[in-house]
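These notes concern the structure reproduced below.
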Amino acid sequence: MVFKGRVPTGQKSSECSEEEQARNLITTRIIRLRGLETDKNSGQGCDSYDRYVYIHGTNHEDRIGEPFSGGCVEMLNAEVIELFNAVHEGDLVWVR
């Protein structure tokens, strides 16, 4: 499933145009993050939540580990589904 603006489109990435598939699509699940460190990832101009920083799947799983996103944490689609099913709203997530 591809998401645009945090809304599922109903499309699989393989159903998107070649132009869209070349981009880094947000797929599978979205885990939206809210920073806890004032002036680092929480607050005016740097807030993770307001900047739409997520943990999410990608249509370019072969690029996991490379700087390819706009600041998100990308995971293999199967692994982000597993994580999504394991965490709950309010759980703390440590990103290093």
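Here is how the numbers come out for the structure above:
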item	result
Every pair of residues 6+ apart whose Cβ atoms lie under 7 Å, when the first sits in segment 46-75 and is closer than 18 Å to Thr28 by Cα while the second is among the polar types (S, T, N, Q) and part of a loop (DSSP other than H, G, I, E, B)	Thr58/Asn24; His60/Asn24; Phe68/Asn24; Ser69/Asn24
Members of segment 46-78 found to be charged (D, E, K, R), surrounded by 15 or more Cβ atoms within 10 Å (Cβ to Cβ) and either within 18 Å of Val2 (Cα to Cα) or touching a Leu at 6+ places or on another chain (Cβ under 9 Å) (or both), listed by number	Glu74
Index of the failed condition, Ala78 passing every other in (1) of a type outside the set (Phe, Trp, Tyr); (2) at negative phi; (3) part of a loop (DSSP other than H, G, I, E, B)	(3)
Filtered residue count, segment 23-41, keeping only those that are in a loop (DSSP other than H, G, I, E, B), out of contact with any helix residue (DSSP H, G or I) (no Cβ under 6 Å at 6 or more places or on another chain) and either closer than 19 Å to Glu61 by Cβ or not small (Gly, Ala, Ser) (or both)	9
Whichever residue in segment 1-17 is polar (S, T, N, Q) and assigned to a loop (DSSP other than H, G, I, E, B) and, among such residues, is nearest to Phe68 (Cα to Cα)	Ser17
Criterion violated by Glu20 - all others in (1) part of a loop (DSSP other than H, G, I, E, B); (2) surrounded by 11 or more Cβ atoms within 10 Å (Cβ to Cβ); (3) on the phi < 0 side of the Ramachandran plot satisfied	(1)
Residue among Val95, Val87 that alone is loosely packed, with under 15 Cβ neighbours inside 10 Å, more than 20 Å from Gly5 (Cβ to Cβ), β-branched (Val, Ile, Thr) and at pLDDT below 95	Val95
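The values are calculated or read from the model by the stated rules, or taken from the named source; none is laboratory data. For clarity, every value in this text was computed on a predicted model and none was experimentally measured. Cβ coordinates were reconstructed from backbone atoms using ideal geometry, including for glycine residues, and neighbour counts include every protein chain displayed.
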